[in-house]
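First comes the structure, then the notes that go with it.
The values are calculated or read from the model by the stated rules, or taken from the named source; none is laboratory data. Keep in mind the model is a prediction, meaning the values are calculated, not measured. Note that we place each Cβ from the backbone using ideal geometry, even for glycine, and neighbour counts take in every protein chain shown. Accessible surface is based on the protein model in full, side chains and every heavy atom, while ligands, DNA and RNA are left aside. Shrake-Rupley method; radii C 1.70, N 1.55, O 1.52, S 1.80 Å.
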There are 2 protein chains.
Amino acid sequence: MPRPETPLLTVDVVIELLDRTGEIVLIERRHEPVGFALPGGFVDVGEAVERAAVREAKEETGLDVTLIDLLGVYSDPARDALGHTVSVVFVGRAHGVPEGGDDAKRAGGCRPESPPTLVFDHARIISDYLTWRRREANSLRGC
Amino acid sequence: MPRPETPLLTVDVVIELLDRTGEIVLIERRHEPVGFALPGGFVDVGEAVERAAVREAKEETGLDVTLIDLLGVYSDPARDALGHTVSVVFVGRAHGVPEGGDDAKRAGGCRPESPPTLVFDHARIISDYLTWRRREANSLRGC
């Protein structure tokens, strides 16, 4: 059978900054669509999504991220005006101070309750992250 | 920027049969690799992963599936010998009796604790599903 065409695959990471409690990392994109976004990028053929997420986080923020959970898979065909991309989104944690690199002009900490305007569907992803964080806090208390 | 090449994207579904408590649906594949597998297939460009999962389940089992959770994303480059595919796997539920169709020669109910030999990494997925099911049962009891 011929190999079919499927949507392009990306990863994004909500990085919790362990040294700045309550903040996550946002980047300012160098390429279209420019604006604020979560760190992330395309998955390479031959690369597991977890490895792609750690690699992209390192390239765009300089941070060594430990992934702690899968937040979700975002696949609305309209989420990227340049073409259909599907993003696998992780929550991760890192020590240190983010510094922009590669496709990220800048990187910095941000309180997710009051983010700036974001590109793609990243506002929805951050809203889902806040739901995840509340549930996570509850399940710790319940143990 | 040129559009990069990324792994091919698939979906698979662990379908719980509501009329045969404790059983899930397996199919027997018509194409290589032949053998038993979870229902699933390639995501079309322009199609959300949830829609692809419901469509593939219908084509291969005849069942109208309601998705209830995202089980995980499976992306080991070695999981499909024919090339790198990444599968987004859902848990779903359906009434009725499965009947093989499209790429599935046959479809039927199976107790996930004792599945036959499965192709790809579907044995691992079913093992993860059993963990998910135990946690799900616990969280219901805890509410």
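Restricting attention to segment A:93-143, the residues being modelled with pLDDT of 95 or more, under 17 Å from A:ASP69 (Cα atoms) and among the small types (Gly, Ala, Ser) number 2.
Collect the residues in segment A:47-63 that are closer than 19 Å to B:HIS84 by Cβ and either acidic (Asp, Glu) or part of a helix (DSSP H, G or I) (or both), keeping them in residue-number order. Residues satisfying the conditions are A:GLU47, A:VAL49, A:GLU50, A:ARG51, A:ALA52, A:ALA53, A:VAL54, A:ARG55, A:GLU56. Within segment A:24-40, the residues that satisfy the criterion of being within 13 Å of another protein chain (Cβ to nearest Cβ) and surrounded by 15 or more Cβ atoms within 10 Å (Cβ to Cβ) are A:ARG29, A:GLY40.
Scanning segment A:24-46 for residues that are part of a loop (DSSP other than H, G, I, E, B) and within 11 Å of the chain's Cα centre (by Cα) yields A:LEU38, A:PRO39. All conditions in (1) open to solvent by 40 Å² or more (accessible area, probe 1.4 Å); (2) more than 14 Å from chain A (Cβ to nearest Cβ); (3) in contact with a Lys or Arg (Cβ under 7 Å, 6 or more places away or on another chain) hold for B:ASP103, with the sole exception of (2). In the set B:VAL65, B:VAL43, B:VAL49, B:VAL14, only one residue is under 16 Å from B:GLY100 (Cα atoms), aliphatic (A, V, I, L, M) and open to solvent by less than 10 Å² (accessible area, probe 1.4 Å); that residue is B:VAL14. A:THR21 meets all of the listed conditions (1) polar (S, T, N, Q); (2) facing chain B (nearest Cβ under 9 Å); (3) in a loop (DSSP other than H, G, I, E, B) but one, namely (2). Count of segment A:1-11 residues, restricted to those that are surrounded by fewer than 16 Cβ atoms within 10 Å (Cβ to Cβ) and more than 7 Å from chain B (Cβ to nearest Cβ), is 1. Against the criterion of being away from every other protein chain (no Cβ under 14 Å), of a type outside the set (Gly, Ala, Ser) and closer than 25 Å to A:ASP76 by Cβ, B:GLU47 does not qualify. Which ones in segment B:67-91 are without any contact (Cβ under 8 Å) to a residue 60 or more places away in the chain, in a strand (DSSP E or B) and facing another protein chain (nearest Cβ under 8 Å)? B:LEU70, B:GLY72, B:VAL73 - these are the residues of segment B:67-91 that are without any contact (Cβ under 8 Å) to a residue 60 or more places away in the chain, in a strand (DSSP E or B) and facing another protein chain (nearest Cβ under 8 Å).
Only residues that are crowded, with 20+ Cβ neighbours inside 10 Å and out of contact with any strand residue (DSSP E or B) (no Cβ under 9 Å at 6 or more places or on another chain): list them for segment B:81-100, please. Within segment B:81-100, no residue meets the criteria.
Candidates in segment A:106-140 are the residues that are in a loop (DSSP other than H, G, I, E, B) and touching a residue at least 24 places away in the same chain (Cβ under 8 Å); of these, the one that is surrounded by the fewest Cβ atoms within 10 Å (Cβ to Cβ) is A:THR117.
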